[in-house]
Every structure is written in structure tokens, then in C-alpha cells.
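Structure first, then comments.
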Amino acid sequence: MKLKNKLLVTYIIFVNLIRNTVGRVTFVTLLFLFSPKLFAETFDVRALWVVRDHIISKEKIDQVLIFAEENNYNHLFVQIRGRGDAYYKSRLVPRSHLLAKTKFDPLKYILKKAQGSPIKIHAWLNVYYLWSSPMIPSQPNHLLLSHPGWMDTKNPDPINIDFTLAEMRKNRQSNGEGFYLSPTHPEVDAHLQNVLTELLQNYNLDGIHFDYIRYHDLQWGMNPIGLKYFLNYNRSMPGLPSLELKEKPSFAEFKRSAITGFISKASTRIKAYQPDCIISAAVKPNLYSARNTFGQEWDVWLAGGYIDWAVPMNYTMDLSTFDKNIQIMKENLPEKYLDRVIMGIATYNQNAENAGKKIYHSGKNDFSGISIFSYTVFKDEPSYANKLIKYLK
């Protein structure tokens, strides 16, 4: 019997049993009655996102690992690149301002501390998202300052960093989420591949988790150098100037191919250095908007073997939208790829009962894993973990 059928049978038995004895039951109470063994069988992967400010000291990291072990998580996505900075030792990436006065290496410490435990450590990198503050970076070698021509834009003109920061100070939303690197700029791609190489040469990782591996939004992707590259790309096959393309790619296809090209090369690089390293990507949960709005063709990434896991950020509070996103996945992904989908569930925007319903629905649909965003909620609100813990065992 499939796991989802086991869950449904258990659900029906408990509903009928408790209705006959107490008249009514809440969904949370029902979930608390599930066997921990059943949930362990349902979710091979029980992952947790750990945001960067929780790894800036040994004490904070120790607390993260204790929490993860006590709450039966077996994979941690640990953010070591937030806004174009490093929470590890690097000669290519500026050190985070949160570590400016120390020589502490958070990545080295957490990898060593987790050795011998069932917890796997994935280096979580924000790929293209570079800067979100209206204030100038404190690091003089930050890419925002040293390579402004690498920024993505929503018009074909070079971005004026000082003017844009000033506008953001007036209205934080004037530049959307902030500054992104341009996926279509060839030097951006080369830099990010070098960042990966340095990381792989210096740390033995259980996994690499790519986040913000997308465009800012639909209107973006207009970096001037990227546009010139597209025009050249559209005239002839790259590397073969005399060979005319029979079907010239659209600009949307070009934008998607830039990100897919990056992750394809990154995957080859990662597996060459560390064959057992799990490659995952946080992706938009609706396959259609992921592809058409944000340039994330993550179904192609799965099919091409560029990623081992897709982690849809199915963070909606609305259960029907959550289920609709799942249905789109099941209609468009071959069944063999569904085992490589780790369902992302939010805690920051909903109570434990609603999060619990989404955990239940993920198991009912036979997904092999879940990932919770994020540790911060459990740290700030310990009672939340007490309510949710039985869903994760």
C-alpha cells in the first residue's frame, strides 16, 4: 500500500473513532495522534532552513544543532551567502559585516560539529540576490560597488547605484527586492562558477543549496551587456559565427537558458569535485509562473540531472493554493521526479495548525521530504516547535 493510502486510511480511522467518542476533533489533535514511525516512513528528508544570523557564533550554531537533533531534522540548509557576502573563509567574496570583528568560520565549525551525527549540512547560497538595504555596503570590495555593470535592470540602461540607493531610502519598494546580479552577463556567470570552485576546494559538503536562482521579476533581465549578448546569440550559434540558427530563440528562452546554463555548469563542477554532494534549488512552487515570470525551468533541471532535489517554496497560507501548486507538479512532472521534490513549507506566516495541514497534505501526495522555513520562527517562538514537533518525527 502506498504511503498516501496509509495516511488516508489512518485519517479515516481516527476521524471516525474520535467523532464517535468526543463528537468533534481539530485537525491539530488528529495529527498529534499519528505514529511518529509513520511520519518517519513518509518523509525521508526532514529539512530546515537556517538563516545566516543564527550561525555567527559557536554558541548559536550549537543551539541550532541541538534543536535540529531534538526535533528530528536530518538536513539543514545553512545560509553561508546572503547578500553577496561570505559566512566562510573566501578570497573572492567579502566577509559578512556580522563577522567583521572575528576570525570565526561558521561553515567550518558547523561541518565539524555535525560530523558523526545524522544531520547533513547543505551550504545555502543566495545566487543572484546581491543587496537589499538602502544603505551602501560596508565592504569596499562588495560587487555592488566594484562591479555595478553586473547588476540586472528592468531597462536597457546601466544602473546608477547611488541614485537607486537614494530612491530606496525614500521608498524601500522603489527597486523591488533590491539589487540582483544579471544572469545574462557572462562575467557574472564566470564569477559565480569561481565562487563555487573555491567553496568546493576548501570544504567537504553534504550538499549545496541554491536560492534566488531566478530573475527579480518578469520585467527584469535587461542588463545592457546581456542584451548585446542576446543579439549576438540570436544572429548565429555561439562559437560558430557562420552557422545561422533556423529557429532563433525568443528573449524569454534566452533568459531561461542563462540560468539553466549556469546550473548545468555548476552541477558538473560540483559532481567533479564532490560526487556525493546533494545539489538542490529553492524554486517557485507554481511551475508555470516559475518558468514564465522568473526564468526557473526547474522541471528541465530535474530532467537534465542538474539538481538532485527541487525544493518548491510552497509558502502560501491558503491550503487550496498549496494543493493547486502540488497538482500542477503532478500533472507536469513524470512520477519518477516527484521523489526528488522536497516540499517547502512556511512557518513565518501561519500558525502551527495551518503548517501542520500542509505537512499532512505533502505526505498524502507521496512527497518524500519536507523543508521548513525557518529556524528563526522556532527560536523566536519556542511554543511553535512544541506544537509542530510531532509532525516531523
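So how do 69-76, 274-281, 310-317 stack up, highest first, on mean other-Cβ count within 10 Å?
Peptide ranking by packing, descending: 310-317, 69-76, 274-281.
Spin-label point model (7 Å from Cα, Cβ direction): what's the F251 to S146 distance in nm?
3.2
Simple spin-label model, 7 Å along Cα-to-Cβ: E69 to K112 in nm?
1.7
Label D62 and A303 with points 7 Å out from Cα along Cα→Cβ: what is the distance between them in nm?
Output for this residue pair reads 5.0 nm.
Fewest Cβ neighbours within 10 Å first, please rank D105, D366, D217 accordingly.
D217, D366, D105
Which residues in the range 152-187 have a backbone N closer than 14 Å to a point placed 7 Å from the Cα of T376 along the Cα-to-Cβ line?
none
Taking the alpha-carbon centroid of each part, what is the distance from the range 57-87 to the range 327-358 in angstrom?
22
What are the radius of gyration and Dmax of the range 170-224, computed over its Cα atoms and given in Å?
Looking at the range 170-224, its Cα Rg and Dmax stand at 14.5, 44 Å.
Using only the Cα atoms of the range 34-391, construct the convex hull and provide its projected area averaged over every direction, in square nanometres to one decimal.
Mean projected area for the range 34-391: 18.7 nm², to one decimal.
Beta carbons within 10 angstrom, averaged per residue: use that to sort the peptides 318-330, 85-97, 163-175, highest first.
85-97, 318-330, 163-175
Would you mind ranking W124, W298 by Cβ crowding within 10 Å, fewest neighbours first?
With the fewest neighbours first, W124, W298 line up as W124, W298.
By per-residue mean of other Cβ atoms within 10 Å, what is the highest-first order of 218-228, 370-380?
370-380, 218-228
Computed from the coordinates by the stated procedures, all read-outs in this text should not be read as laboratory data. Bear in mind the structure is a predicted one, so any value in this text is a computation, not a measurement. Quick reminder, even Gly has a Cβ in these numbers, built from the backbone with ideal geometry, and neighbours come from all protein chains shown.
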